[in-house]
Amino acid sequence: GVVKFFSPQCPACRRLAPVYEAAAKRFSGQADFFEVNYKQAQQVCREERVLLLPMVHLYVPRAGCVDRFVLSYKRRKRLEEKLDGLLAGEGERLDRLRELDPAALAPLVRLKELLGAVQAVRRAPELLRGAAGDGWVTEQQTEEMQSVFRALDRNGDGVLDAEEL
């Protein structure tokens, strides 16, 4: 299944809605498509570690979440590319994923999530400037994230280097 996490107030979510809808239409009958409103299901979003919006998660029965990524305008073809890749190997590849114990996949999924979080934090100042300008986050939230970023950016160069993470 394919799950898109979004917010109606998110400009990027609104702009990319047609991309998700086109993929849902193209892959109808091959994958189930769902949408989760961040504002209405914040607990689910926290449990699924949704860090940025719009976020897409790809799930395989008995294997769980096998991929997650932020849907962006610049990489708008990414969703269809990921589904093409996943469904192209549907037989053998999906069978192997289904045979794996979800507990065995957990460390790999967690590592991918941590890498996603690091990427989100590295882009936080840029994202927050845009989000604050759109009214999507409050000024206080922006200041809190900038404070976290400054704390992580120990050398003060405005970039999170590998040794700072």
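Amide H contacts of residue 71: 55, 56, each under 5 Å away and 5 or more positions distant or on a separate chain (H built 1.01 Å from N in the peptide plane; Pro and chain starts excluded).
Between residue 40 and residue 9, the simple label model (points 7 Å from Cα in the Cβ direction) yields a spacing of 1.6 nm.
Annotation: amide H-H contacts under 5 Å for residue 66 (H modelled 1.01 Å from N, sequence separation of 5 or more, or interchain): 58, 59, 60. A simple spin-label model places the labels of residue 28 and residue 88 2.5 nm from each other, with each point 7 Å out along Cα-to-Cβ. Each peptide in 24-30, 45-51 was scored by the mean count of other Cβ atoms within 10 Å over its residues; highest first, the order is 45-51, 24-30.
In order along segment 25-39, the Karplus-derived 3J(HN,Hα) couplings, from 6.51 cos²θ - 1.76 cosθ + 1.60 at θ = phi - 60°, round to 5, 4, 9, 4, x, 9, 8, 8, 10, 9, 10, 10, 7, 4, 5 Hz, and Gly and Pro are given as x.
FYI, it's all coordinate maths here, none of it is from the lab. Everything quoted here is computed from the prediction, not taken from an experiment. Cβ coordinates were reconstructed from backbone atoms using ideal geometry, including for glycine residues, and neighbour counts include every protein chain displayed.
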